[in-house]
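Report on the structure given below.
The values are calculated or read from the model by the stated rules, or taken from the named source; none is laboratory data. Not measured: the values here are computed from a predicted model. For neighbour counting, all protein chains shown are included, and Cβ atoms are generated from backbone atoms with ideal geometry for every residue, glycine included.
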Amino acid sequence: MSSVEKAVQTQIENIQKKTGHTLAELADIVRRSGLTKHSEIRAMLQREYELGYGDANALVHAVMKSDGSRAAEGKAIGDVLDVIYAGPKSALRPIHEKVMKQIVQLGDFEIAPKKGYVSLRRRKQFAMIGPATNSRVEVGLNAKDLKKSARLLEQPRGNMCNYIVKVSDASEVDQELFAWLKSAYESAG
């Protein structure tokens, strides 16, 4: 079992303790709710069980067996990127490639492809990269105490990343972004 799988398993165990329900009971609650959209189910779980965004999101994936890892399972990273950056998002692939070119300079890390983005990990996730719209890529960063900048959008507690940087053009992959990536990389140890 990989460290990511262990972390998800621990998270699900903690959710069961917090809610007082087994995973099977929680799955039944979701089915009986009649909700079908991921975001609606997540919101219901946050509201009804006072779960944070990340826990509710993980629970929906566990119940619906819809996590991005399963969607990308067994596929080469290039094949996953071909799907992520298909159609109208294909023009964004050079941004992704330029970000990755900077990150590989930092040292060893793991690329964990998901359905709509890639997760970059050392001991823990330090960044996420993927198209947010047809016109921009978002680079999510897990770092603390980064110097404030109009480009660096702090995210609410419980989100998958502490910060998001919106990148619409390859020229925006600059030294400032590299410094933030480096800080996130180093803090993921």
Going through the stretch 112-142 in order, the residues found to be hydrophobic (A, V, I, L, M, F, W, C) and either surrounded by fewer than 17 Cβ atoms within 10 Å (Cβ to Cβ) or over 17 Å from GLN102 (Cα atoms) (or both) are ALA112, ALA132
Consider GLY140 carefully, then state whether it is of a type in the set (Gly, Ala, Ser) and assigned to a loop (DSSP other than H, G, I, E, B). no
Of all residues in the stretch 44-65 being exposed (fewer than 13 other Cβ atoms within 10 Å of the Cβ) and part of a loop (DSSP other than H, G, I, E, B), which is modelled with the highest pLDDT? GLU50
Taking the stretch 75-90 and the residues there that are modelled with pLDDT under 80 and not aliphatic (A, V, I, L, M), the one that is farthest from PRO131 (Cα to Cα) would be LYS75
Mind counting the residues in the stretch 143-187 that are in a loop (DSSP other than H, G, I, E, B) and surrounded by fewer than 18 Cβ atoms within 10 Å (Cβ to Cβ)? 17
